[in-house]
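Presented below is the structure to which this report refers.
The values are calculated or read from the model by the stated rules, or taken from the named source; none is laboratory data. A quick note: this is a predicted structure, and the numbers were derived from the prediction, not measured. Positions of Cβ are generated from backbone atoms using ideal geometry, with glycine treated the same way; all protein chains shown enter the neighbour counts.
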Amino acid sequence: MFRSHPARRAILGVHAKDKPLAPDVDLQAIAENTPGFSGADLANLVNEAALSATRKGRESITREDFAEHLRTEFSTFRWLLEPMLTAAGFTIVTDGFEGSIYGAYTCIRA
């Protein structure tokens, strides 16, 4: 089941509760930028960010640890999202390097 962003924020809080977060981590911003993530996806996000911090020898999880995993997740979803968004008339905006979708927009013509 997909959650609203307040619900995603609460789920992130539960999974990050006992983890050392750096001051630059904003769970509210992460929740707002993870539409379509289920509770399991969010739990995985927190765990992958923690693993990333551990691999890099840090004592706390930084915003970059979360961002690293989100880039991977959104690159993975691109094969599914791009055809649907294109068919609906959206223009896809990617990073031009890894091919991650940054956004989609449509123009309304008068």
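A few points about this structure:
- Filtering segment 1-47 to residues that are touching an Asp or Glu at 6+ places or on another chain (Cβ under 7 Å), over 18 Å from S60 (Cβ atoms) and either assigned to a loop (DSSP other than H, G, I, E, B) or modelled with pLDDT of 95 or more (or both) leaves nothing.
- Candidate set: segment 48-74, residues that are of a type in the set (S, T, Y) and assigned to a helix (DSSP H, G or I); chosen: the one surrounded by the most Cβ atoms within 10 Å (Cβ to Cβ): S52
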